[in-house]
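Chemist: This is the structure I have questions about; it appears just below.
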């Protein structure tokens, strides 16, 4: 018999596959923002190279916010979350599994698309490598921290606006370190420091977020 | 030893005291029927008893262990049926119940789930999305948990008879009798009159202003 958490993971991925039309929305948003940017600011290769990493990061941030709500809202509204909380499994682990499935189904497609987008924005190979590294380490932070905010706002009718207001200030440091890592890569400087800080943020989020999210979910059920 | 008991529970919502100093206990083979008008706090009491919300004062114990510290043991023996059915409308009844069983560590085969659904009058609907079923049929799917989780000795049901037809009510009543005959306990709320063939205890909640 499969472990309950593994079966939860499979369930969430199966559900994401069933709702793939909905999942496409953040991906389309990401693609559109990045394809419109060169048209908006002019096709000069140097300009694009300068703003490119920032544009990709901002687009990834905003499109992850778009899909964030899916993490718990539906399960909360149809009562699946109640049944899950009464299944005897540890809620922190449940949260971690759900965040992982959510990241795989909403953010990983963005990362897979990013080479084409890097081409649009005339990024060099070194810049692209550093961009992918920061996205790989940074986007799980978005999902983990986002989970806390979604859990807090899940009981509210119009939680979406509050969610963005809660999250954007927290994401700003991440954005600064990520883009500065890519800038350093563009100048062929080492960017281990920035990556190290992002990795530290990731580990901190990984350690704290599941417990905080589980607590917030319990409060939302009250 | 009582299965599930609440000790001096009180709960207030938005500055309104719903109930105060309520104590109750469900023994094996016991049916406790919580009555009261709308807004009296029946659902709040039920959610406190299963551990979804915390009471303002008081505690809940399962077999003399506080459910806060032994929630895994308690939830292993509990079936909760609430207002929200816990069914994802994109999945079919079969998929919903299969995932639910796995999460609740019940090992059943698909053909057993199908036979339970058939028994509940859902022949041929097992693989349609839940969103295409009627309200009563959706509730029947959710109630199938009472047939699937056989090792549960405590059922907490919030208005299980709502939206069920005569035949559905008869099926559920028969299952309730069967469950109590095995020594299981039941706590339920309902606005209908219960005409069970087994003795039922009542707890009346009043609407307080």
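Chemist: Could you list B:166, B:50 so that the one with the fewest beta carbons within 10 Å of its beta carbon is first and the one with the most is last?
Modeler: B:166, B:50
Chemist: First measure r as the distance between the Cβ atoms of residue B:194 and residue A:47, then evaluate 1/(1 + (r/R0)^6) with R0 = 56 Å and state the FRET efficiency to the nearest 0.05.
Modeler: 0.15
Chemist: Further question: For chain A, modelled as a Gaussian network with Cα springs under 10 Å, which listed residue fluctuates most, A:55, A:99, A:150?
Modeler: Of A:55, A:99, A:150, the most mobile in the Gaussian network model is A:55.
Chemist: Roughly how many Å is it from the Cα centre of segment A:65-143 to that of segment B:5-38, as a whole number?
Modeler: 41 Å
Chemist: Please give the FRET efficiency for residue B:14 paired with residue A:6, using the beta carbon to beta carbon distance and R0 = 60 Å, rounded to the nearest 0.05.
Modeler: According to the calculation, E is roughly 0.90.
Chemist: Can you pull the mean other chain C-beta count within 10 Å for peptide B:63-72?
Modeler: 1
Chemist: With chain B treated as a Gaussian network of Cα nodes joined by springs under 10 Å, which of B:143, B:49, B:194 yields the largest mean-square fluctuation?
Modeler: Its mean-square fluctuation being the largest, the pick is B:194.
Chemist: May I ask for the equivalent-ellipsoid semi-axes of the protein assembly as shown, computed as the square root of five times each C-alpha gyration tensor eigenvalue and listed largest first in whole Å?
Modeler: Taking √(5λ) for each eigenvalue gives 49, 23, 18 Å, largest first.
Chemist: Using only Cα atoms, locate the centre of segment B:189-203 and the centre of segment A:3-29, then give the distance between them in Å, rounded to an integer.
Modeler: 42 Å
Chemist: Also, quick follow-up: As a test of the formula, what do you get for the protein assembly as shown when each DSSP H run with n ≥ 4 contributes -39,500 (n - 2.57) and the sum is divided by the residue count, at 222 nm and rounded to the nearest 500 deg cm²/dmol?
Modeler: -19000 deg cm²/dmol
Chemist: Place a point 7 Å from the Cα of residue B:57 along the Cα-to-Cβ direction; which residues of segment B:1-41 have their backbone N under 12 Å from it?
Modeler: Within reach of a label on residue B:57: B:8-12, B:20-22.
Chemist: Using only the Cα atoms of chain A, each taken as one equal point scatterer with no solvent, compute I(q) by the Debye sum, divide by I(0), and report log10 of the ratio at q = 0.16 Å⁻¹.
Modeler: For the requested q values the scattering log ratios are -1.08.
Chemist: To the nearest 10 degrees, how steeply does helix B:166-181 sit against the main Cα axis of chain B, on a 0 to 90 scale?
Modeler: 60 degrees
Chemist: How far is it, in nm, from the label point at residue A:200 to the one at residue A:77 when both lie 7 Å from their Cα along the line to the Cβ?
Modeler: Roughly 4.1 nm, to one decimal.
Chemist: Within 10 Å of each residue's Cβ, count the other Cβ atoms and sort B:14, B:98, A:218 from fewest upward.
Modeler: The order, fewest Cβ neighbours first, is B:14, A:218, B:98.
Chemist: What percent does the relative contact order of segment B:86-151 come to when contacts are Cα pairs within less than 8 Å and at least six residues apart?
Modeler: The value is 45 percent.
Chemist: For a label point 7 angstrom out from the Cα of residue A:168 toward its Cβ, which stretches of segment A:177-202 have the backbone nitrogen within less than 19 Å?
Modeler: Within reach of a label on residue A:168: A:177-179.
Chemist: Over the whole of B:88-96, what's the average partner chain Cβ count within 10 Å per residue? Rounded to a whole number, please.
Modeler: Mean inter-chain Cβ contacts per residue within 10 Å come to 4.
Chemist: Build a GNM of chain A with springs between Cα atoms under 10 Å: which of A:85, A:68, A:127 gets the top mean-square fluctuation?
Modeler: Of A:85, A:68, A:127, the Gaussian network model singles out A:85 as fluctuating most.
Chemist: Work out how much length residue A:92 to residue A:119 would gain on full extension: take 0.36 nm times their residue separation and subtract the Cα-Cα distance, in nm to one decimal.
Modeler: That pair, residue A:92 and residue A:119, stretches by 5.7 nm at full extension.
No lab work stands behind these numbers, since they all come straight from the coordinates. Note that the coordinates shown come from a computational prediction; the quantities given were computed from them, not determined experimentally. Counting neighbours? That spans all protein chains shown, and the Cβs are built from the backbone with ideal geometry, glycine included.
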